[in-house]
Amino acid sequence: MIELHSKAPRDAAASAQLKLPFDLRQKSRLRTQLTSGEDAWLMLPRGEILRGGDKLLAADGRVVEVIAQPENVVHIVCADATQLARAAYHLGNRHVPVQVGDGFLRIAADHVLEDMLRGLGATLTPMHEPFEPEAGAYGAHGGGHHHHSDEPSRGARIHEYAAP
């Protein structure tokens, strides 16, 4: 079994691939398989989020490329920027991971959110694509981001300050 402990430089030459949907790319501990079928054990620092194109360093020195697996997403467009901002606001208010693009949003397929967005006037198109939501605003590697108490959040943090 290959053990993956840390990220490697993105320009490192990879000899294997690990294909995962976004939900699993948020896990710091995961038993999975490479695309070759070889068993893999992911043991990354807590809060580490994997993006398509990231490279991981294995305990044996191999480099594994992370592939963002296509998944069921909803492509959201609106008649104008104000409607799109309103849709983004309501999704953010629900702490929904959102991929932001030039004139569009994408979310994981969810019929309740889709009904809400249609009610806001959005046009929705189901797609099967890699999902790469925004990282957020508070830092992916620790930091003091807290929710409703002095205890740190226990879930994966997808926050970081950076331009897209």
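The values are calculated or read from the model by the stated rules, or taken from the named source; none is laboratory data. Bear in mind the structure is a predicted one, so any value in this text is a computation, not a measurement. Here the Cβ is made from the backbone with ideal geometry for all residues, glycine too, and neighbour counts use every protein chain on show. Note: areas computed on protein heavy atoms with side chains; ligands, DNA, RNA excluded. Shrake-Rupley method; radii C 1.70, N 1.55, O 1.52, S 1.80 Å.
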Within the set of other residues whose C-beta is less than 11 Å from the C-beta of residue 1, count the net charge using Lys and Arg as +1 and Asp and Glu as -1.
-3
Express in whole angstrom the spacing between the alpha-carbon centres of segment 28-61 and segment 68-114.
28 Å
State, in angstrom, two size descriptors of segment 7-67 derived from its alpha carbons: Rg to one decimal place and Dmax to the nearest whole number.
10.3, 27
In the neighbourhood of residue 126 defined by beta carbon distances under 15 Å, the net charge of the other residues (Lys, Arg +1; Asp, Glu -1) is -3
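Figure the gain on full extension for residue 104 and residue 72 (residue separation times 0.36 nm, minus the Cα-Cα span) and round it to one decimal in nm.
On the way: separation 32, 0.36 × 32 = 11.52 nm, distance 1.61 nm.
Computed gain between residue 104 and residue 72 is 9.9 nm.
Report, for segment 1-80, the % of DSSP beta bridges that are antiparallel, rounded to 5.
On the way: 12 of 20 bridges.
Antiparallel: roughly 60 percent of the beta bridges in segment 1-80.
Sorted by accessible area with a 1.4 angstrom probe, largest first, how do 128, 75 fall? Walk me through the intermediate numbers first.
Values: 128 115, 75 35 Å².
Of 128, 75, the descending order of accessible area is 128, 75.
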Rounded to the nearest 10 Å², the accessible area of residue 51 using a 1.4 Å probe with every protein chain kept is 50 Å²
If you count only protein heavy atoms and use a 1.4 Å probe, how large is the accessible surface of residue 123, to the nearest 10 Å²?
80 Å²
Take every Cα pair under 8 Å in segment 42-115 that's 6+ residues apart, average their separations, divide by the length, and report that relative contact order as a whole percent.
25 percent
Please list, in order along segment 37-54, the HN-Hα scalar couplings obtained from phi with the Karplus expression 6.51 cos²θ - 1.76 cosθ + 1.60 (θ = phi - 60°), rounded to whole Hz, x for Gly and Pro.
x, 5, 5, 9, 10, 8, 9, 9, x, 4, x, 6, 10, 8, 10, x, x, 4
Could you state how much accessible area residue 3 has, in square angstrom rounded to the nearest 10, with a 1.4 Å probe and all protein chains kept in place?
80 Å²
For residue 123 paired with residue 1, estimate the spin-label separation in nm (one decimal), with each label point 7 Å from Cα along the Cα-to-Cβ line.
4.9 nm
